[in-house]
Amino acid sequence: MQLISKKTKNLTKQQKLSICKLKNTYWHWTLKNQYQWFKENVRAADINNILKVKNKIVGYTLLRKRKAYHKKKILRYLYFDTTIIKKSLRNKGYGEVLMHYNNKIINRQRIHSFLTCPKKLTSFYSKYEWKILSKNKFKILDHNPIWFKKAVRLNGMVFKLDKKFKSKINYYLN
Ligand SMILES: CC(C)(COP(=O)(O)OP(=O)(O)OC[C@H]1O[C@@H](n2cnc3c(N)ncnc32)[C@H](O)[C@@H]1OP(=O)(O)O)[C@@H](O)C(=O)NCCC(=O)NCCS
């Protein structure tokens with residue numbers, strides 16, 4: 001097993017393709033669309049955490065360096081986007097290994113991280129020091145209207161958010 005963390009600009013085309021293939025097994029699209037999305041949305045400095053088993057990419061998390069606002073002041077944060085373990089390897093502890101690694105990488109950046117997930121996944125992230133952010137404590141400013149309809153059911157969670165941020169945080173995901 002191997003864990004690696006790479007900025008997007010340092011990924012090979014083959015690694016990007018493997019990541020898109022893995023994502024496509026859960027978020028069904030077409031590989032072409034996955035790749036296109038990756039090219040358009042994942043920035044050069046974004047962080048790609050990769051779990052390899054037998055030299056194959058079987059786990060992946062994307063940490064996107066993005067901006068939020070708290071009381072009109074800019075707040076840089078890591079948008080925790082996508083976490084996945086290959087289906088045949090789930091429930092064997094690899095998700096836990098990847099989460100501990102993700103947290104280590106976030107700690108190094110010295111900024112907090114934010115994610116959204118369906119309610120049923122909150123218990124997974126809670127195991128790894130992630131905390132639920134009440135719905136009145138955050139707002140996402142740039143989601144598209146289709147996504148927004150579903151977003152009301154999304155839960156926000158944070159890792160290493162300083163307690164001094166007591167009022168609402170306005171997040172940009174893109
Ligand atoms: C969520 C996911 C990454 C977990 O990976 P995994 O390798 O199966 O997790 P692990 O085997 O390391 O399990 C670690 C712990 O989390 C729990 N867990 C695993 N999947 C869970 C889930 N979907 N919901 C809640 N808890 C979960 C396990 O029971 C285990 O708990 P324990 O330590 O108390 O026994 C994996 O199921 C996955 O890739 N799912 C599809 C993609 C997805 O839903 N991503 C999240 C989008 S918000």
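FYI, it's all coordinate maths here, none of it is from the lab. Everything numeric here is computed off the predicted structure, so don't read it as measured data. Virtual Cβ from ideal backbone geometry, glycine too; neighbours counted across all protein chains shown.
Observations on the model:
- GNM flexibility winner over the chain from LEU98, LEU31, LEU115 (Cα, springs under 10 Å): LEU31
- Unit charges on C-beta of K, R, D, E only; dipole of the chain, Debye: 300 debye
- According to the calculation over all Cα-Cα pairs in segment 1-97, the P(r) per 10 Å bin from zero is 15, 46, 28, 9, 1 %.
- Paramagnetic label reach from GLU96 (point 7 Å along Cα→Cβ; backbone nitrogen cut-off under 14 Å): within segment 108-135, residues 124-129.
- If you plug the beta carbon distance of VAL53 and TYR172 into 1/(1 + (r/R0)^6) with R0 = 41 Å, you get a FRET efficiency near 0.75.
- Once C-alpha pairs closer than 8 Å and six or more residues apart are averaged by separation and normalised to the residue number of segment 2-171, the relative contact order reads 20 percent.
- Taking Cα atoms only, the orientation of helix 94-109 departs from the longest principal axis of the chain by about 50 degrees.
- Counting only alpha carbon atoms, the long axis of helix 31-41 and the longest principal axis of the chain meet at about 40°.
- 0 to 90° range, to nearest 10: angle between helix 13-24 axis and the chain longest Cα axis: 70 degrees
- Net charge of the neighbourhood of LEU173, taken over other residues with C-beta under 9 Å away and scored Lys/Arg +1, Asp/Glu -1, is 0.
- Calculated [222 nm] ellipticity per residue, helices only, for the chain: -8500 deg cm²/dmol; basis is -39500 (n - 2.57) per DSSP H run with n ≥ 4, divided by all residues, nearest 500.
- Annotation: extensible slack from LYS104 through TYR128 equals 7.5 nm (criterion: 0.36 nm per residue apart, minus Cα-Cα distance).
- Neighbour net charge for ASN33 - beta-carbon separation under 15 angstrom, K R +1, D E -1: +4
- Over 32 Å (Cα to Cα) - which of LYS13/LYS67; LYS67/LYS92; LYS16/LYS72; LYS32/LYS137; LYS7/LYS73 fall in this group: LYS67/LYS92; LYS16/LYS72; LYS32/LYS137
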